[in-house]
Amino acid sequence: SQAAAEAVCAIAEKLGKKALCHVKQDTGMGRIGTRRGNVFKVIQTLADSPYVILDGLYTHLSSVDSDPDYTEEQIGYYRDTLTNVQLHGIHINHCHVAASTAIGARPDVHYDMVRPGHSIYGLEPGYEPILSLKTKIVYVKDVPAGSSISYGRSFIAPKPMKVATLPLGGGDGYLRGFSNKAEVLVKGHRCRVLGNVTMDMLMIDITDVPSAQVGDEVVAVGRQADEEITLGELA
């Protein structure tokens, strides 16, 4: 924003240090950044300060995979700004537009920097998944029919079951929303999460994996034998 640009200039001057700035232009994402009518003023403010280095100008494409016409419109606004900057003799070190989807779909806007995000973890179609989340069984018990599992008794055993406890929970980023829904892999078999996920533990149904025991590896995200649970599935 203009206010942020002015603040950066003032703080850098007060400290006697140069600030490296990347200016975000909102070409249609509607998240953060200066709209196209005001972005040049922000750039000019920063360029006029001897305490600022204009290290980058960037934008974010909101609909690369769904709306090519809107994408072209966004790229057009960005290019107009670059042209205006060049006409005024302002130097900007880097230009970056393409995030994960656009890296593959729009090589014409790679410029000299790109921003791979979820594609780094293999979450973009065509990329190999590399992220995994694994834990181990720490407790195994036989549960009679009618027994409740975890907070709120949201799961009541409909039959005698074999249940394992894992040292994985909300504090590790394994969401409470996965309660009674998500599955994990034990010995290549899918095992359902039972009851509410707690802060640092959760319970799973290993009734159909009778050989499972304390110390066995459990895969919450990733591949085990012929089965796989992707981060997309959890999402």
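Summary table
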{"read-out": "Residue within the stretch 154-163 that is closer than 30 Å to D65 by Cα, free of Cβ contacts under 8 Å to residues at least 60 places away in the same chain and either surrounded by 13 or more Cβ atoms within 10 Å (Cβ to Cβ) or of a type in the set (K, R) (or both) present", "value": "no"}
{"read-out": "Yes/no for L234 being under 18 Å from V138 (Cβ atoms), among the aliphatic types (A, V, I, L, M) and open to solvent by less than 90 Å² (accessible area, probe 1.4 Å)", "value": "no"}
{"read-out": "Hits in the stretch 114-132 (condition: outside any loop (DSSP other than H, G, I, E, B) and touching a residue at least 60 places away in the same chain (Cβ under 8 Å))", "value": "Y121"}
{"read-out": "Residues being of a type in the set (A, V, I, L, M, F, W, C) and crowded, with 18+ Cβ neighbours inside 10 Å - total across the stretch 9-46", "value": "9"}
{"read-out": "I206 in contact with a Leu (Cβ under 7 Å, 6 or more places away or on another chain), modelled with pLDDT of 95 or more, among the aliphatic types (A, V, I, L, M) and over 20 Å from A235 (Cα atoms)", "value": "no"}
{"read-out": "Those residues of the stretch 169-210 which are farther than 21 Å from I156 by Cα and open to solvent by less than 70 Å² (accessible area, probe 1.4 Å), in sequence order", "value": "G170, G171, G173, Y174, L185, V186, G188"}
{"read-out": "Single match in D108, D65, D55, D69 (criterion: part of a strand (DSSP E or B), within 30 Å of G122 (Cα to Cα) and not hydrophobic (A, V, I, L, M, F, W, C))", "value": "D55"}
{"read-out": "Search result, residues across the stretch 75-90 that are open to solvent by 60 Å² or more (accessible area, probe 1.4 Å) and touching a residue at least 40 places away in the same chain (Cβ under 8 Å)", "value": "D80, H88"}
{"read-out": "Residue within the stretch 142-152 that is in a loop (DSSP other than H, G, I, E, B), hydrophobic (A, V, I, L, M, F, W, C) and surrounded by 15 or more Cβ atoms within 10 Å (Cβ to Cβ) present", "value": "no"}
{"read-out": "Test set (1) farther than 25 Å from Q2 by Cα; (2) at pLDDT 95 or above - P50 fails condition number", "value": "(1)"}
{"read-out": "Test result for E72, modelled with pLDDT under 95, among the acidic types (D, E) and either open to solvent by 70 Å² or more (accessible area, probe 1.4 Å) or over 17 Å from V23 (Cβ atoms) (or both)", "value": "no"}
{"read-out": "Selected residue (only one of V193, V186 is under 17 Å from K136 (Cβ atoms) and out of contact with any Lys or Arg (no Cβ under 9 Å at 6 or more places or on another chain))", "value": "V186"}
{"read-out": "Sole exception among (1) in a loop (DSSP other than H, G, I, E, B); (2) free of Cβ contacts under 8 Å to residues at least 60 places away in the same chain; (3) surrounded by fewer than 14 Cβ atoms within 10 Å (Cβ to Cβ) for G215, by number", "value": "(2)"}
{"read-out": "Filter pass, T135 being outside any loop (DSSP other than H, G, I, E, B) and of a type in the set (S, T, N, Q)", "value": "yes"}
{"read-out": "Count - residues of the stretch 186-212 that are among the basic types (K, R), outside any loop (DSSP other than H, G, I, E, B) and in contact (Cβ under 8 Å) with a residue 24 or more places away in the chain", "value": "1"}
{"read-out": "The listed residue being polar (S, T, N, Q) and farther than 30 Å from L20 by Cα, out of S147, S119, S100", "value": "S147"}
{"read-out": "Residue check, G188 small (G, A, S) and under 21 Å from the mean Cα position of the chain (by Cα)", "value": "no"}
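The values are calculated or read from the model by the stated rules, or taken from the named source; none is laboratory data. Model, not experiment: these values are computed from the prediction. Quick reminder, even Gly has a Cβ in these numbers, built from the backbone with ideal geometry, and neighbours come from all protein chains shown. For accessibility, only protein heavy atoms count, side chains too; no ligands or nucleic acids. Shrake-Rupley method; radii C 1.70, N 1.55, O 1.52, S 1.80 Å.
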